Structures are given as structure tokens and as C-alpha cells.
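Q: Got a structure for you, written out below as C-alpha cells; questions coming shortly.
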Amino acid sequence: MFLRSSFLLALFTAIALAGCGGGKSPESMIPSKFKSSGNDEIKKLNTRIITRSSTDFSVSDYRIGPGDLIEVKVYEAQDLSTVARVNSRGTVTYPLLGEVEVGSLTVQEAEQKLRDLLAAKYVKDPHVSVFIREYRSKNVAVVGAVNKPGNYELLNQGRLLDALALAGGLTENAGKMVYVTKYGTGEQVAIDLDELLMDGNTGLNIPVSMGDTVFVPEAGVFYVNGAVKRPGEYRIKDQVTVSKAIGMAGGLVTGAKSSEVKLIRFGKNGEREMVSVDLKAIERGEQEDIALQDQDVVFVDQNAIIAFFQTLRLGFFFPPFSLSGSAPQ
């Protein structure tokens, strides 16, 4: 009699726990904070950012632009030596010569141009040297989920990966999309880092210019709870579907109802939508494997009876005993 009573008590307790345990009911569940997933993928991306950037450029290839501060020395006539900043038109004001256009020239080309202009009227066979004291024409802002956000001076024909490398690469919570906003026009270009770095589409390593902004948003998060092996918070590094999310959470536990998965989505005004998902139907191609969005919740229900016997196997409700023996007195 005692054995039967204990069995029934355990059964009712297990069913009650299965109804609200193994994860809260989808209708009342509020996402809680869990430990973030690993960052191995970000480490791979950072390695490729560094190795494929051209930060070891040659200054001789740099082209002078607006905002640069240049120093000109004429060894045969020191009074013609000067320091000048390149204006928005790409010109500098030079003694005797007036405005001289140096924008888009390399240092060597600027030296040759000044040498020719001076030799034509003022100095016989002059020796001219041009030095760039301040590089301003390639000042680019890198913000968001990078290790060292800030403004960076890019020499040469600076490109996206150069800017990301100077900013120390991505943080572990970075997403895989980068947005470049072009100065002046406000045009925004979206770059998929996976396509650029992993698939080798080098055409996405676009040039960045003075005043451009490179923004790396943090990856969105989603939550997996219920009858999965590793419930918690995960980052949306690339496209994640319901079935992929469950795989990231370690897969289903014994007794999980694969045909009764709930996807909960919260709208901008706090309204909640819930969709039932059948994993087997997805495998058969009969149901769409929905892509997750930021703050989505995936909840997997569990069979109450199987959960009960699983609990019995773990010995949670009473100590093990022999079925052939007598009940404890």
C-alpha cells in the first residue's frame, strides 16, 4: 500500500513539474539572462581581418588629400621652405607660386611638380623634398563592437579591413554584418564579413575615405529553453533558424515533444506572437524553418510521462529499492 501511495504521489508530482519545469510555460516565460555562447568564430574572423588587411603599406603610395599638413623644403632657397595644410580643393598656398594643386598626388609627384614650377621661373635645378606631417585625408571613424573604437588615419588606398584591423578587430559579441556610411552622400553599404573573409569575396573589401563611418553592431540574441540539453542565451552570428537554434542548444532531451516547439516573438510595442513549429515537418519539407530575430524565444515542451520515468531513473523522489522486497515500514 505504501509503495502504491508513494508511486502515485511521485507520478502527480512529476506531471506537475513537467507542466512548469524543464522550462516555464511559453505563454508566461520571460527571457532571462544566460551565459553567452563561445567566440571561436569571431577569433577566426579577427585572424583573417589582420592577415588580409594592408596596414603594412608604403607611405610612398599615399596620395595627398584635403586636411593633410605638408612640409616643403627647398635646399637651394630656405626662404621658400614652408609648411601648409591642403584645403578642401586639394591645393596649398606656396610662396611665389600662389595656389598649387597637390591633391591626389603622391609625395614624389608633388616634389616633381614643385620642382618644375620653381625651375621655370625662380630657382635653377632646385632640390625639393615634401614630407607629410599629419595625415588627415583618410580619417575614418570605426565604432560599435570593435576592441578599440575611435578615429583612425588610413594611409594609402585605405579599405574596410584596414579600418577594422586598426580598431583591434571585433569583440566577441560582434555581429557578422558591417555597415559603412559614406561621408557627404550618407549612402550606407552593408558588408557580410562571412562572405568577405570566409568565402573570399574580396570585392567586398571596399575603399573607405575621409569622413566615412564604419559601424559594427552587436549580434542579436535569442533564447532556447525547455527540453534541450543546454538552455540559454545565444548570439545570432549569421542566419539562425528554429532547428539550428535547437542544435546550438545541444539538441533535444529524452521526452522532448519535437512536434510541439514554440517560437515566441516580441514586437516593438511589447506585443507577443507565438508560432507552433513541428521539427519533423521541417525535416520533411512540409513546414518552413523560420529564421530567428533578435530577442526571439524557442521553447521545447516535454512529455510528462516520459519526464516522470526519467525522474524515477535519476532517483529524485525516493531511494532505490528492490521491487521484490517489502515496502519500508
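Q: Using amide H atoms built 1.01 Å from N in the peptide plane, name the residues 5+ places from Gly220, or on other chains, whose amide H lies under 5 Å from its own.
A: Ile236
Q: Would you mind giving the three semi-axes, in whole Å and largest first, of the ellipsoid equivalent to segment 177-263 according to its Cα gyration tensor?
A: Numbers: eigenvalues 293, 35, 17 Å².
They are 38, 13, 9 Å, listed from largest to smallest.
Q: Note the count of lysine pairs whose C-alpha atoms are less than 20 angstrom apart in segment 195-273, limited to pairs 8 or more residues apart or on different chains.
A: Numbers: Lys229/Lys244; Lys229/Lys257; Lys229/Lys262; Lys244/Lys257; Lys244/Lys262.
Summing the qualifying lysine pairs gives 5.
Q: So who's got an amide H within less than 5 Å of the one on Lys257, skipping anything under 5 residues away but keeping other chains? H placed 1.01 Å off N, in plane.
A: Amide H to amide H, under 5 Å and 5 or more residues apart or across chains, Lys257 pairs with Asp301, Gln302, Asn303.
Q: Related question: Could you work out the pair-distance distribution P(r) of segment 63-134 from its alpha-carbon pairs, with 5 angstrom bin width and percents rounded to whole numbers?
A: Histogramming segment 63-134 at 5 Å steps yields 3, 19, 33, 28, 13, 4, 0 percent.
Q: Which aspartates and glutamates, on any chain, are close to Lys182 with Cα under 14 Å apart, when same-chain ones fewer than 8 places away are left out?
A: Of all the aspartates and glutamates, those that pass the test against Lys182 - Cα under 14 Å, at least 8 places apart if same chain - are Asp212.
Q: Just give me a number: lysine pairs in segment 91-148, eight or more positions apart or cross-chain, with C-alpha atoms less than 29 Å apart.
A: Values: Lys113/Lys121; Lys113/Lys124; Lys113/Lys138; Lys138/Lys148.
Final tally of qualifying lysine pairs is 4.
Read-outs: derived from the displayed coordinates by stated rules, not from any lab. None of these values were measured; they are calculated from a predicted model.
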